[in-house]
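Colleague: Take this structure, written in C-alpha cells, and hold onto it; I'll ask about it next.
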Amino acid sequence: MSSFSSFFFSPSKFLIYACLLLFSVLLALRLDGIIQWSYWAVFAPIWLWKLMVIVGASVGTGVWARNPQYRAEGETCVEFKAMLIAVGIHLLLLMFEVLVCDRIERGSHFWLLVFMPLFFVSPVSVAACVWGFRHDRSLELEILCSVNILQFIFIALRLDKIIHWPWLVVCVPLWILMSFLCLVVLYYIVWSVLFLRSMDVIAEQRRTHITMALSWMTIVVPLLTFEILLVHKLDGHNAFSCIPIFVPLWLSLITLMATTFGQKGGNHCMSID
C-alpha cells in the first residue's frame, strides 16, 4: 500500500455499510418490540441504498449518452458495462426485499416465491464474476451472491417447512464460507507475525499487514459470533433478546465502514456500486 493510500475514500461502500448498520439496528429494535414500526419503515435504509443506486445509474447513463467519445475508450466501456451488471443485480435484490416486506406484513405467499429473485441473482452473479475476472474488475456483491445460492434455497425451504432441519444444519453452506474467511484471517495473522520477525521488511509494510490482520479479525470474528448466536436462538438454544445478538454484527459493520477510508472509489459511472 502506498504512502498516500490512506487519503483514499470510497463513499459508495461507506454508504452501503452505513445503511446496513442502520437497518440492522432498526431490525433488532423491531424484533425486540422496542419500536412498533411497519417493516416497510424498518427497511428504510435499504430503500435509501437502492434509491442511490438507481440515481447513480441514471446519472451515469445520462453522461454516457451525452458523450459519444466515451464509447471509444476501452476502460470507460468496461466501467459502463460493470454499472449495468451492478444495477441489474441491485434491482433483483430490491425485488427480493420488497417481497420480504410484503410477506412479513401480509403473510400471503410462500417463501420460495419471495426468494425467487435471489435464485436468479446467483447465476447472474456467477456470469458477472467470470466477466469481472476477464476484465480485472472487483465485483464483491456479485461474489457474495454467487456463492450463496445453496444457502438461499435451504433458508426458503426451511421457512416454508418443506424441510425440518435444525437451523444449524440449514446454515451449513454459511459455515463453509465462514471457514474460508477464517482461513483468510489466519493467513493475514501468519504473514503479520513473519513480517514482524523479518528485518528486511520496511516499517510501513509491517504496519499495513498488521492493520489488515486486525481489520479481518474485527470483521470476521464478530460476524461469526453473530451468526452462531442467531442460529442458536432460532433453534431455541438460548433466550437472548435480539439486541445482544446483533451487537457483534454492528461491530463488523463499523469496522467495514472504517476500512472505506483506505479504499479507492468504486465505479466511475455510478456513485453507488
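Colleague: Restricting attention to region 70-85, does a residue exist that is out of contact with any Gly (no Cβ under 7 Å at 6 or more places or on another chain), acidic (Asp, Glu) and buried (at least 18 other Cβ atoms within 10 Å of the Cβ)?
Modeller: Yes: region 70-85 contains one or more residues that are out of contact with any Gly (no Cβ under 7 Å at 6 or more places or on another chain), acidic (Asp, Glu) and buried (at least 18 other Cβ atoms within 10 Å of the Cβ).
Colleague: Could you list, in sequence order, all residues of region 228-272 that are among the small types (Gly, Ala, Ser), buried (at least 17 other Cβ atoms within 10 Å of the Cβ) and either modelled with pLDDT of 90 or more or within 17 Å of Cys171 (Cβ to Cβ) (or both)? So that I can check it myself, show each step before the final result.
Modeller: Pass one, region 228-272, residues among the small types (Gly, Ala, Ser): 236, 239, 241, 252, 258, 262, 265-266, 271.
Narrowing further to those that are buried (at least 17 other Cβ atoms within 10 Å of the Cβ): 252, 262, 266, 271.
Listed by number, the list holds a single entry, Ser252.
Colleague: Just the residues that are of a type outside the set (A, V, I, L, M) and under 21 Å from the mean Cα position of the chain (by Cα), please, taken from region 228-243.
Modeller: Just the residues of region 228-243 that are of a type outside the set (A, V, I, L, M), to begin with: 232-233, 235-238, 240-242.
Passing the criteria: only Cys242.
Colleague: Quick test for you: out of Thr218, Thr225, pick the one residue that is of a type in the set (S, T, N, Q) and at pLDDT 95 or above.
Modeller: Thr225
Colleague: Of the residues that sit in region 131-177 and are touching a helix residue (DSSP H, G or I) at 6+ places or on another chain (Cβ under 9 Å) and basic (Lys, Arg), which one is modelled with the lowest pLDDT?
Modeller: Residue satisfying both the conditions and the ranking: Arg137.
Colleague: Can you spot a residue in region 191-203 that is out of contact with any strand residue (DSSP E or B) (no Cβ under 9 Å at 6 or more places or on another chain), touching a residue at least 40 places away in the same chain (Cβ under 8 Å) and farther than 19 Å from Pro166 by Cβ?
Modeller: no
Colleague: Right, something else. Against the condition exposed (fewer than 15 other Cβ atoms within 10 Å of the Cβ) and without any contact (Cβ under 8 Å) to a residue 40 or more places away in the chain, how does Leu150 come out, does it pass?
Modeller: Yes; evaluated as a whole, the condition is true for this residue.
Colleague: Determine the pairs where a residue that is more than 13 Å from Ser241 (Cα to Cα) and in contact (Cβ under 8 Å) with a residue 60 or more places away in the chain, located within region 20-39, has a partner that is buried (at least 17 other Cβ atoms within 10 Å of the Cβ) and hydrophobic (A, V, I, L, M, F, W, C) with Cβ atoms under 6 Å apart, the partner being 6 or more residues away or on another chain.
Modeller: Listed pairs, sorted by first residue: Leu20/Leu253; Leu21/Leu253; Ser24/Phe246; Ser24/Leu249; Tyr39/Cys101.
Colleague: Still on this model: Find the residue count for region 136-180, including only residues that are outside any loop (DSSP other than H, G, I, E, B) and either touching a strand residue (DSSP E or B) at 6+ places or on another chain (Cβ under 6 Å) or acidic (Asp, Glu) (or both).
Modeller: Of the residues in region 136-180, 2 are outside any loop (DSSP other than H, G, I, E, B) and either touching a strand residue (DSSP E or B) at 6+ places or on another chain (Cβ under 6 Å) or acidic (Asp, Glu) (or both).
The values are calculated or read from the model by the stated rules, or taken from the named source; none is laboratory data. Note that this is a predicted model, so its numbers are computed, not measured. Backbone-built Cβ (ideal geometry, glycine too); neighbour counts: all protein chains shown.
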